[in-house]
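Below is one structure, written out as structure tokens, with a few remarks after it.
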Amino acid sequence: MEIQKIGSTYTQRERIPVGPSKTVTSMTELSMGDLEAMLEKAEEHGVVGRAQVQEQEKRAPYSFLAKGDGESRYIEHKGVVFLCDDKNQALTLGDMSDSSAVLTIPLEKGGCLKVNRANLGDLASAIDMFSPADVGRIMRAIAADNRAQGMKRELEEEEGSVVNLG
């Protein structure tokens, strides 16, 4: 039983036992069995169900900012519109039809940001929407992509300038 203060009086309230079977000091010490058991207990007591946990896991990053519902959820920030792709746990910006033109950036809390290279200017306008850790990830990914694209252009130029001596 847990004692809970309500106003100036105290009442007893039953505390639901949903914790692990052993004492742990961090989440990394929990086994998959412990996590499964905790979810089972929580679901039995109506605290949270496995379906709600899985539903939250299958969301696009930053989806708490989303407007709309279903497949037409989007985030608008400073005039830039990101689409929420919950199925793939992705936040998308620009045309996704040509995957070779899309930069995929894994984000800190899961999921990814997919940006068409033609829309990097739009991303720069809305970069303050992202957490500092994700801004760092985005900037590093863009820098690495710029280097890779530059090397690709150099190779193409070299292949075009090679003279056939045979």
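The values are calculated or read from the model by the stated rules, or taken from the named source; none is laboratory data. Keep in mind that what you see is a predicted model, and the values were worked out from it rather than measured. All Cβ positions, glycine included, derive from the backbone under ideal geometry; neighbour counts span all protein chains shown. We work out accessible area using only protein heavy atoms, side chains counted, and drop any ligands, DNA or RNA first. Shrake-Rupley method; radii C 1.70, N 1.55, O 1.52, S 1.80 Å.
Kindly report the accessible area of region 71-166 per residue (heavy atoms of protein chains, probe 1.4 Å, no ligands, DNA or RNA), in Å².
On the way: 6090 Å² over 96 residues.
Ligands and nucleic acids excluded, the result is 63 Å² per residue.
Counting Lys and Arg as +1 and Asp and Glu as -1, what is the net charge of the other residues whose Cβ lies under 11 Å from the Cβ of V115? Walk me through the numbers on the way to the answer.
On the way: positive: K114, R117; negative: D95, D122, D145.
Computed value for this residue: -1.
Filter the cross-link list K41/K87; K114/K152; K67/K152; K58/K78 down to pairs whose alpha-carbon distance in this structure exceeds 31 Å.
Details: K41/K87 28 Å; K114/K152 21 Å; K67/K152 39 Å; K58/K78 26 Å.
From K41/K87; K114/K152; K67/K152; K58/K78, over 31 Å: K67/K152.
Please identify the GluC sites (Glu not before Pro) of region 73-166 that satisfy two criteria: DSSP loop assignment and at most 14 other Cβ atoms within 10 Å. Which are they?
Numbers: sites: E76, E108, E154, E156, E157, E158, E159; in loops: E108.
Passing sites in region 73-166 are E108.
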